[in-house]
Amino acid sequence: MTLRFAYNTNGAANHRLDDALHLIKAAGYDGVALTLDIHHLDPFAETWAAEAGRVASLLEKLELTCVIETGARFLLDPNAKHEPTLVTADAAGRARRVGFLKRAVEIGAMLSAEAVSFWAGVPKPGVDHGEARRWLVEGLHEVATFATESGVVPCLEPEPGMLIETLDDYAALDVPGLALALDTGHCLVTGEREPAAAVREFADRIGTVAIEDMKRGSHIHLPFGEGDMDVPGVLEALEEVGFGKLICVELSRESHRADVMIPQALDYLRGCRRPGPVLAGEQETRRQWP
């Protein structure tokens with residue numbers, strides 16, 4: 001089968017959204033992972049609905065499909081990165097996060113998104129983790145129910161350092177309709193599973209996949225070829241399980257050179273496949289990448 005690739009706009013933060021989408025299309029991607037942010041379809045702007053409609057029309061024109069991402073750093077609170085979350089002690093803060101995720105679902109429905117991806121959050125010092133888990137489950141139920149009713153697939157992403165950190169943490173949840181947002185690089189950070197093994201084990205629960213390079217034990221998104229990720233192995237696993245949804249490149253630290261990284265990342269993914277056996281009289285022509 002033919003794998004489908006997307007590029008995350010959090011790696012094009014220095015570009016206007018329209019310019020980023022045109023770059024992604026020109027490079028040959030099938031879609032975009034759209035991280036809602038203050039400058040990329042601000043979900044809290046008064047004109048958010050009109051802007052969502054305009055972006056939906058542009059995506060259709062460019063023949064790009066999408067996934068909605070919700071990991072913007074200071075969208076909800078300009079003074080605290082990623083806050084509030086689903087495990088924030090303040091009930092009003094948790095409600096604000098739930099409201100944002102519902103808005104993301106609404107935008108996802110307008111853009112015919114394949115999925116909306118989000119994470120749990122980090123409990124602050126002094127917060128009881130049992131209580132935080134209760135808050136989390138309540139929020140997840142509310143968001144997942146809203147998404148299902150809206151025809152959008154809600155996906156939870158295990159994130160290193162957060163309350164839901166590993167795939168086992170995700171699997172232990174009992175939230176109907178909640179799919180998995182699998183960031184393959186996170187498996188290298190937590191050391192829980194090899195990324196390709198995670199693809200095979202959770203194949204029937206994956207709603208969206210993120211891919212990048214990472215070094216084992218270090219949560220830094222790296223360009224392909226600079227870490228320990230067995231990219232060909234992950235792609236083979238995705239083909240093996242028949243994964244037909246978007247595989248999203250997430251290079252959030254590369255916005256300063258997005259013009260180079262957007263096409264380079266796709267070239268790598270297309271060219272790094274493991275070659276088949278070399279037949280008699282033939283030469284192996286595997287492409288080499290820096």
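The stretch between residue 50 and residue 137 holds 28.1 nm of extra length on full extension. This uses 0.36 nm per residue minus the Cα-Cα distance.
Helix 48-62: angle to the longest alpha-carbon principal axis of the chain, degrees 0 to 90, nearest 10? Result, in degrees: 10.
Straight-distance candidates among the aspartates and glutamates for linking to residue 124, with alpha-carbon spacing under 14 Å and chain neighbours fewer than 8 residues away dropped: 83, 90. Along the axis of the charge dipole computed for segment 1-107 (Cβ charges of +1 for Lys and Arg, -1 for Asp and Glu, origin at the Cα centre), the listed residues 10, 86, 31 are led at the positive end by 86. What is the Cα centroid distance between segment 1-49 and segment 166-216, reported in whole angstrom? One Cα centre to the other: 23 Å. Ellipsoid fit via the Cα gyration tensor, segment 1-156: semi-axes of 28, 16, 14 Å, each the root of five times an eigenvalue, largest first.
Between the beta carbons of residue 239 and residue 260, assuming R0 = 22 Å, the FRET efficiency works out to 0.20 to the nearest 0.05. For segment 182-192, the Karplus equation 6.51 cos²θ - 1.76 cosθ + 1.60, evaluated at θ = phi - 60°, returns couplings of 9, 8, 4, x, 5, 4, 6, 6, 7, x, 6 Hz by residue, with Gly and Pro reported as x.
Accessible area of residue 77, 1.4 Å probe, to the nearest 10 Å²? Looks like 40 Å² after rounding. On a 0 to 90 degree scale, rounded to 10, what angle separates helix 91-110 from the longest Cα axis of the chain? Tilt of helix 91-110: around 50 degrees. Shown here for segment 9-84: trypsin sites (Lys or Arg not before Pro) in loop regions (DSSP other than H, G, I, E, B) with at most 14 other Cβ atoms within 10 Å, namely 16, 81. In the chain, excluding the sites themselves, the longest stretch lacking any of the GluC sites (Glu not before Pro) that are in a DSSP loop with at most 10 other Cβ atoms within 10 Å is 64-281.
Rolling a 1.4 Å probe over the heavy atoms of the protein chains gives segment 193-257 an accessible area of 39 Å² per residue. Dividing the convex hull volume of the alpha carbon atoms of segment 101-162 by its residue count gives 74 Å³ per residue. Applying both filters, DSSP loop and at most 13 other Cβ atoms within 10 Å, to the trypsin sites (Lys or Arg not before Pro) of segment 178-236 gives 216. Report, to the nearest whole %, how much of the accessible area of the chain belongs to carbon and sulfur atoms, 1.4 Å probe, protein only. The nonpolar share, carbon plus sulfur, comes to 48 percent. Taking the longest Cα principal axis of the chain as reference, the axis of helix 129-150 is set at about 80 degrees.
The values are calculated or read from the model by the stated rules, or taken from the named source; none is laboratory data. Quantities reported herein were computed from a predicted structural model and do not represent experimental measurements. Counting neighbours? That spans all protein chains shown, and the Cβs are built from the backbone with ideal geometry, glycine included. For the accessible areas, the whole protein counts, side chains as well, though only heavy atoms, and no ligand, DNA or RNA atoms are used. Shrake-Rupley method; radii C 1.70, N 1.55, O 1.52, S 1.80 Å.
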